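A short worksheet on the structure shown next.
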Amino acid sequence: LDMEFTGLHSTSLQNNEPSLFDSAAERYVKARQSVQRFTLVQLGLAIFSKENSNKYVVHSYNFFLFPSTLGIKDVEFTLSASSIQFLSHYGFDYNKFLKDGIPYMNEVQEKILRQHLLAGTWKVCSNADRDVLKKAIDEVTTWIAAAKEEDTMILQDLSGYHVIEVQLVLRQALENVWTEPLGDRKVMVKKVSPEHRQLLENSSYDHCQKKLILLSARGFTNLFQILVKVKKPLVGHNMLMDLMHLHDKFYRPLPESYEEFKRNIHNLFPVIIDTKTVTKSVQKKCQFPRVSSLVEAYAVLCSSNLNPKGPPCPVIALASGCSRYAEKKFPHEAGYDAFLCGSVLLMSAHLLLCRSTDGAVEAEPSFSQYLAVLAEHVNKVNFIRGGVSSINFSGEDSPCRHPPALVVHVRGWPGLTEGQIYQEFKARGRFDVRRLSKNQFILLSNKYKQVRHVLRDYRHHPHLQVSVYRHWRHSPSVNCLLQISGIVALWSLLAFVLGGARSC
C-alpha cells in the first residue's frame, strides 16, 4: 500500500513539526491535526500472489481518489504548496484527481447519507452540481411538454455523481418520468404514467435503490472494507500517516486517544509490516548500504548480490495487464511505490532468512517462512525523529536510544529564544530545542557525532556553557523540590533550636 496526500505537516498549526522531544502520543496529536486538514489524492495497491515455486505475480493498481460529495456535508481540505509542487514534479495528473477521482466516505459520513436518503431529505451540496442539475431539468421539462407516453430522451456528458443526482432530482420533481443510467455519463429519461412509475419503483431493476446509491457513494470504501475482511498482511513504507488516513477517510474520524487509534488499526489489520523498519534491520545484519528512501532500497536490493552463496531471491513478475511498471519507473506514483514496497519486503525477508539459517535455506522458501523471520518487525511502524523507535500496534512502544541531551546555560546574553538557539547550533547539526528555564535550554540530536562536536566547540564560549543534561542537577522540578526540602529543613532546625532555648 502507498498513498499520496495534499500535504503532510500543517505549518499553520503552532509547534506541529515532528520533534525528538515528542512521545508517541504527542506525535499522534500533531499528526491527527494534519490528517484532518489534508486529504488523499492517490492510493496505490499492489497484490502479490505466489504463483508457483519461487515466483510472485503482482497486480498493481493506481487509484485517484476524491472525497464524496453526494448528499453529505461538503468536505473541506487544505493544499500544501510544497506537496503539490512535489507531486507536479513527478507528473501527477491533477485533472484526473479533480474530475475522475473515485469517491469515498467513512462510517460517520455514510450514516448521515443513509439517514437523509431514508428520510427523503437528501439534497445537492455543491453549486457546480446545482448548475448541472438545473440544465438537465430545463432540458427534460421542455421536452416532456410535447412528449407522448413511452417517449424517451438521452441526457449526455454527465460525470461522477451527476448520473445519480440527475435521476433523484428528476424523479422527485416530476411524477410522470422514469430514469435509467446508460453506460458511462448518460441517463435515459422516459415519459410514463404515474401508475407505471410506481410499478417500476418497486421492481428490482431500479438503479436508484437506496442500497445502490450507498454502494456508489461509498466508492473506494467498498474496497477498503474488503481489505479489512480478508485480513491479509498489509505492507507499507514509513506508513504511520498512511494508516492514519486509512482510519480517518475510510473507517471513522481519528479518535482523540492514541491508544484507541492503535487498537482500532490492529483490529482492522492484524498484520502490518513497515519496510522502513525491515530495511533498518537489514542494514545492521547484512552488508547493506545505508539508504534513505524506498526507491534507493529497491535499487540496492536489485543491483547487489548480497547473498552469493544462498538460493536466489524470489522472482517478482508484474501481471500481463500491469506491465507498465516493468517498462518504466514512476517514482511517487502510488501504484508504482506500492509495487516497490512489496518487492523490497520479499527481497529483504529473503536476505534475513538466509542469514538466520547460515545460507541453509530451501531453494523455494514459503511466504510463511518469510513471515517467521520478519516476526520481530510485525506491527512495528517506523517513528520518524521522536521519543520511540517504532509504534507497536500489538503491544508497548519501544523507547528510542538517543545520544545524551545537552543543556545550554546562557550568561550575559539576555532574551534568547528557542529559535535563536536553534540557529546558533544549526551549523553543527540538526538539534531540537526546548526551553528549560529562563536562562537554560535543552538540545536533542539523534547523532552522537553532533553532540561530541558541540561539547568540544563550546567549551570556552563566552556566553554559552554547554554540558550533558543531568536530571538530578538540571531539572526545574528537582531543583524546586530541593529548595522546598531545604526550607522545610531550615524551619525544622529553627523550631528545634528555639524550642530548646525556651525550655532552658
State which residue pairs qualify: first residue modelled with pLDDT under 90 and inside the range 339-364, second residue of a type in the set (Lys, Arg) in any location, beta carbons under 6 Å apart, and separation of 6 or more residues or different chains.
-> ARG355/LYS285; GLY359/LYS309
Condition met for GLN167 (modelled with pLDDT under 90 and either within 23 Å of the chain's Cα centre (by Cα) or buried (at least 19 other Cβ atoms within 10 Å of the Cβ) (or both)) = yes
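Residue by residue, here is whether (1) at pLDDT 90 or above; (2) loosely packed, with under 12 Cβ neighbours inside 10 Å; (3) closer than 30 Å to ALA31 by Cα holds:
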residue: LEU174; (1), (2), (3): no, no, no
residue: ASP184; (1), (2), (3): no, yes, no
residue: LYS190; (1), (2), (3): yes, no, no
residue: ASN202; (1), (2), (3): no, yes, no
residue: LEU212; (1), (2), (3): no, no, no
residue: LEU234; (1), (2), (3): yes, no, yes
Quick check: is even one residue across the range 305-317 closer than 25 Å to HIS59 by Cβ, open to solvent by 50 Å² or more (accessible area, probe 1.4 Å) and modelled with pLDDT of 85 or more?
-> yes
Restricting attention to the range 332-378, which residues are assigned to a loop (DSSP other than H, G, I, E, B), open to solvent by 10 Å² or more (accessible area, probe 1.4 Å) and not β-branched (Val, Ile, Thr)?
-> HIS332, GLU333, ASP358, GLY359, ALA360, GLU362, ALA363, GLU364, SER366
Any strands (runs of 3 or more DSSP E) falling wholly within the range 397-458 and containing at least 2 residues that are free of Cβ contacts under 8 Å to residues at least 40 places away in the same chain and either open to solvent by 30 Å² or more (accessible area, probe 1.4 Å) or not acidic (Asp, Glu) (or both) | 432-437, 440-444
Condition check for VAL228: under 36 Å from the mean Cα position of the chain (by Cα) and open to solvent by less than 40 Å² (accessible area, probe 1.4 Å) = yes
Any hit, the range 340-361, residues being within 17 Å of PHE63 (Cα to Cα) and either under 28 Å from the mean Cα position of the chain (by Cα) or in the same structural domain as TYR298 (by the TED database) (or both) | yes
Restricting the search to the range 379-396, which residues are touching a residue at least 24 places away in the same chain (Cβ under 8 Å), open to solvent by 30 Å² or more (accessible area, probe 1.4 Å) and outside any loop (DSSP other than H, G, I, E, B)?
-> LYS380
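The values are calculated or read from the model by the stated rules, or taken from the named source; none is laboratory data. For clarity, every value in this text was computed on a predicted model and none was experimentally measured. Using ideal geometry, Cβ is built from the backbone for each residue, glycine included, and neighbour counts are taken over all protein chains shown. Ligands, DNA and RNA are excluded from the accessible area calculation, which covers all protein heavy atoms including side chains. Shrake-Rupley method; radii C 1.70, N 1.55, O 1.52, S 1.80 Å.
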